[in-house]
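The values are calculated or read from the model by the stated rules, or taken from the named source; none is laboratory data. Predicted, not measured: the structure shown is a model, and the values here were computed from it. Heads up, the Cβs are rebuilt from the backbone with ideal geometry, glycines too, and the neighbour counts pull from every protein chain shown. Accessible surface areas use protein heavy atoms only, side chains included; no ligands, DNA or RNA. Shrake-Rupley method; radii C 1.70, N 1.55, O 1.52, S 1.80 Å.
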Amino acid sequence: MINRWMFLGLGLSSLVSMPASASPQVGEIQQKLQQLKSQYEQRIGALEAQLQQLQSNEQQTVQQLQKVNKELQQAKQGASDAASSGFNPQISVILDGRLASFGNDPEAYELPGFALGGEAGIGEEGFALGHTEIAFSANIDNRFFGQATVAIHEHEGETEVELEEAFIETIGLGNGLTVKFGRFFSGVGYLNEQHEHAWDFADAPLIYQGLFGNRLWDDGIQVSYVADTETFLQLGAEALSGRQFPAGGSHEAIGAWSLFANVGGDIGADHSWQLGLSHWRSNDIEGRTSGGHSHGGGADEIPSFDGDSEINAIDVVYKWVPAGDAQGRNLKLQFEYFERKEDGTVTLLNSSPLETTSYDGDQSGWYAQAVYQFKPQWKLGLRYDRLDADNSGSDEDVLEEAGLTDEGHTPERYSAMVEWNASEFSRIRFQYNRDRSYEDSDDQWFLQYTHSLGSHGAHQF
Amino acid sequence: MMRLLFRLSLLLALLFSAGARAELNVLACEPEWGVLVEELAGDRVKVSSATLARQDPHHIQARPSLISKARRADLLVCTGAELEIGWLPLLLRKSGNGKIQPGQPGNLIVTEGVELLGKPERLDRSMGDVHTAGNPHIQMDPQLIAVVAEKLQQRLALLDPDNADFYGQKGAYFQTRWRQAAEGWKKRLQSLQGRQVIVHHNNWPYLARWLQLEQLATLEPKPGVAPTTAHLGKLLTASQKQLPDMILLADYQNDRAARWLSDKTGVPVVKLPLSVDLGGSLFELYGEVVERLLQAAR
């Protein structure tokens, strides 16, 4: 290209340098030729400049790439503090306290057809602290994240310290895989993985109390996989020790295991949803004790279960957030259904002669709730709980003493709450329950504060 | 039966189809960075944004659709400076995607290496929802847009070296047009120099610096805390002594407090877009901002 222009230019310049004639026309031609010549020279010059520019651009690109690489190296070194706003580890404290009023004696609380274990119950009357949680978390390095949560609470006049969570988790293992190792809240159900301070009501749904004694947690390993799909699809499996309620007793290395699947997505900009299925199972449970029927048999007769247990669950969550503005009006609907089948024997420990029965457990329950943020800072919530037990065994009397017959009663509960959030770190909630868990209906009132200080909490779905 | 099964599996495959992949999947935390990527990379990338222009990017949840987007992303472009602190760390953890983790080429935090305005002198939540790193709303400074565009162009070239030349050309073309446009806007808004403004939330320090506006006060008593009657009363008294020229707020913010003050003082309320959705462009965004400011100044 350039060669051709140069050739042209040369030809033209030789033309122009011919001796001038006297004719004015020749002068004009010469002038025109001069103009042409200078135009071409300009264009050639411009082209040469462009060529040089391109070459230097290329060099610049290489230099820039080197620069980026260098920056990345530096970024890698400082990666952990960039991700966590300078606190390492991130520390947060949840302050939770309440004032409660019950119509019935909280000691008399029971769920007919469900042998209560774990932390099931409605707590203390009057002023009391809930769970004071202290959580530490951080990216340990570029491969692992770690978290430990200690919950301090009062139980029968004694301060108990409980290690709720202590786990490590892989970061960006690739292909959508994440492995968690240690003590953690199981991925079964929807509410189970959330901390109590993230719940929308002051107490756990009845079915969580009845089946898990508040929640399902254990030591073990969890592998989860997020599929490479437009629609959210997550599959997970857990192998657990099986030492915690509702498993229990001594086991082989793996005492319980679970599977879960979640599907979810958005509908337009205003709606989002998630559907979950989960399964939990523990075989060869030995000596799982629970609180018995408080007004039957001796007080020290403790029901103990041996056998196999299996839980299936489904959960659905839907959120409506107009224009995606979570600060303004929004609505959250939530539904969970659980079903537990058990097969084994129930023995009343400390009874004499030792009372025992075969046991074929069939327990189920669900709750549905709606929480509506009607204006910034203010939320209103309604919840309905219902349980159903259809357990059978060779000795009905033993079942009844163990609290495993439904006594012709279907536990249910209506709850309403209103809460005020001064900021996303503080909340004051007022809640009323019409509790028909057992024969004597109960009116329960709660005034609760839940405040968090320290690192910024996560906005989970 | 076989046919039914076949149809079912086809349906499932469609529902969860990975789809025809563009070269790079880019997830922008805010749409302004998404449109910038579109500008710089055209059809060589597939861009999605975690938030919409009218959303406050601070108040987002790590919802399922975002986890699956993060899982599929080759490049994550976010503001940083704690703007996404409530949900981005969770998204990164749940994604199981190594490419977009901090320190990887697929993780670009645009405020990193930028001198941010408004670093708090004191870190205390009684001061409201303060950003320790400084004010993150840098998209309102054309010079910083140019800086981010250059970073983006380099990062795209690094991740997709086959198209490096393409990104280089696109980048150079954008920079030229952007420089010219920015000069034009500045010229048109020359008359605004030294004007005094009250803002709803501290979204505009970069715009104020660019146009040499003077910010007198915020309607929010503290960042992230809704305007209170007491605070508005104080502002009214102050405004009556020294009348501001306009009240600025983002178009997604509640304008009740601004309208109240405007009614009492006659100072015009100017609602400005803070971002622009995918498919739009930053030229459009700035054009709109300039038009609305000019209208108010008249």
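Hey, can you list the residues from the range B:68-106 whose accessible area shrinks by 30 Å² or more with all protein chains present, relative to the chain by itself (probe 1.4 Å, no ligands or nucleic acids)?
Residues of the range B:68-106 that lose at least 30 Å² of accessible area once the other chains are added: B:68, B:71, B:72, B:85, B:86, B:90, B:93, B:94, B:96, B:101, B:102, B:103.
Which FRET efficiency, nearest 0.05, do residue A:308 and residue A:439 yield, Cβ-Cβ r, R0 35 Å? Write out the running numbers ahead of the final one.
Working: r = 31 Å, r/R0 = 0.88.
Approximately 0.70, to the nearest 0.05.
From the C-alpha gyration tensor of the range A:96-454, pull out the three semi-axes of the equivalent ellipsoid (sqrt of 5λ each), sorted largest to smallest, in whole Å. Can you show the working numbers first?
Values: eigenvalues 214, 135, 79 Å².
The equivalent ellipsoid of the range A:96-454 has semi-axes of 33, 26, 20 Å.
List the trypsin sites (Lys or Arg not before Pro) within the range B:128-196 that fall in a DSSP loop (any state other than H, G, I, E or B) and whose Cβ has at most 15 other Cβ atoms within 10 Å. Mind showing how you got there, number by number?
Values: sites: B:151, B:155, B:170, B:177, B:179, B:186, B:187, B:188, B:195; in loops: B:195.
Filter output for the range B:128-196: empty list.
Does a label point 7 Å from the Cα of residue B:243, set along Cα-to-beta-carbon, have any residues of the range B:185-229 with amide nitrogen under 19 Å, and which are they?
Within reach of a label on residue B:243: B:192-199, B:214-217.
At a 1.4 Å probe radius, carbon and sulfur cover how many percent of the accessible area of the protein assembly as shown? Provide the component values of the computation, followed by the final result.
Numbers: 19240 of 35530 Å².
That share works out to 54 percent.
Tell me the GluC sites (Glu not before Pro) within the range B:28-110 that lie in a loop according to DSSP and have at most 14 other beta-carbon atoms within 10 Å. Before the final figure, lay out each step's value.
Working: sites: B:32, B:38, B:39, B:82, B:84; in loops: B:82, B:84.
Within the range B:28-110, no GluC sites (Glu not before Pro) qualify (loop, at most 14 other Cβ atoms within 10 Å).
Running a GNM on chain B with Cα contacts under 10 Å, which residue among B:243, B:36, B:66 ends up with the highest mean-square fluctuation?
B:243
For residue B:176 and residue B:292 in the same chain, what is the full-extension length gain: residue separation times 0.36 nm, less their Cα-Cα distance, in nm? Kindly include the intermediate steps, with their values, before the conclusion.
Values: separation 116, 0.36 × 116 = 41.76 nm, distance 2.48 nm.
Taking 0.36 nm per residue and subtracting the Cα distance, the gain is 39.3 nm.
Please give, to one decimal in nm, the separation of the simple spin-label points placed at residue A:447 and residue A:198, each 7 Å out from Cα toward the Cβ.
2.9
What is the angle, in °, between the Cα long axis of helix A:24-77 and the longest principal axis of the Cα atoms in chain A? Nearest 10 is fine, range 0 to 90.
The helix A:24-77 is inclined about 30 degrees to chain A.
What's the extension gain from residue A:231 to residue A:88 if we count 0.36 nm per residue and subtract their Cα-Cα distance? All intermediate terms of the calculation are to be shown ahead of the outcome.
Values: separation 143, 0.36 × 143 = 51.48 nm, distance 3.45 nm.
48.0 nm is the gain from fully extending residue A:231 to residue A:88.
Starting from the Cα of residue A:409, step 7 Å along the direction of its Cβ; do the same at residue A:60; then give the gap between the two resulting points in nm.
Result: 8.1 nm between the two label points.
Chains B and A: buried accessible surface, both sides, probe 1.4 Å, rounded to 100 Å²?
Details: alone 15350 and 24680 Å², together 35530 Å².
Separately minus together, B and A give about 4500 Å² buried.
Treating the angle as unsigned and between 0 and 90°, give the value, to the nearest 10°, between the Cα long axis of helix A:2-16 and the longest Cα principal axis of chain A.
Once rounded, one gets 20 degrees.
Let me know the charge dipole size of chain A about its Cα centre in debye, to the nearest 20, where only the beta-carbon of Lys, Arg (+1) and Asp, Glu (-1) is charged.
On the way: 29 positive and 69 negative charges, 1032 e Å.
Using only the charged Cβ atoms, the result is roughly 4960 debye.
Modelling each spin label as a point 7 Å along the Cα-to-Cβ direction, I'd like the residue A:253/residue A:370 distance in nm, to one decimal.
5.0
Pairs A:375/B:119; A:319/B:94; B:119/B:187; A:332/B:234; A:375/B:46: which are spaced more than 27 Å apart, C-alpha to C-alpha? Show your work: numbers first, answer last.
On the way: A:375/B:119 31 Å; A:319/B:94 20 Å; B:119/B:187 30 Å; A:332/B:234 38 Å; A:375/B:46 37 Å.
Violating the 27 Å Cα-Cα cut-off are A:375/B:119; B:119/B:187; A:332/B:234; A:375/B:46.
Where Rh is the Kirkwood radius over the Cα pairs of the range B:21-184, the temperature 37 °C and the viscosity 0.692 mPa s, what D in µm²/s does Stokes-Einstein return?
It diffuses with D of about 200 µm²/s by this estimate.
Multiply the residue gap between residue B:209 and residue B:169 by 0.36 nm, knock off their C-alpha separation, and tell me the result in nm, one decimal place. Display every interim value, and only then the final one.
Working: separation 40, 0.36 × 40 = 14.40 nm, distance 3.02 nm.
Gain in length upon complete extension: 11.4 nm.
With r as the distance between the Cβ atoms of residue A:329 and residue B:216 and R0 = 35 Å, compute the FRET efficiency 1/(1 + (r/R0)^6) and round to 0.05. Please list the in-between numbers first.
On the way: r = 31 Å, r/R0 = 0.90.
After rounding to 0.05, the efficiency reads 0.65.
What FRET efficiency do you get for residue A:382 and residue A:358 if R0 is 45 Å and r is their Cβ-Cβ distance, rounded to the nearest 0.05? Provide the component values of the computation, followed by the final result.
Details: r = 41 Å, r/R0 = 0.90.
With a Förster radius of 45 Å, E is 0.65.
Which residues, if any, in the range A:202-227 lose at least 20 square angstrom of accessible heavy-atom surface (probe 1.4 Å) when the other protein chains sit next to their chain rather than the chain being alone?
With the partner chains in place, the range A:202-227 has these residues losing at least 20 Å²: A:226.
Measuring with a 1.4 Å probe in the full set of protein chains, what accessible area per residue, in whole Å², belongs to the protein assembly as shown? Each step should come with its number before you reach the end.
Values: 35530 Å² over 759 residues.
Each residue of the protein assembly as shown exposes 47 Å² on average to a 1.4 Å probe.
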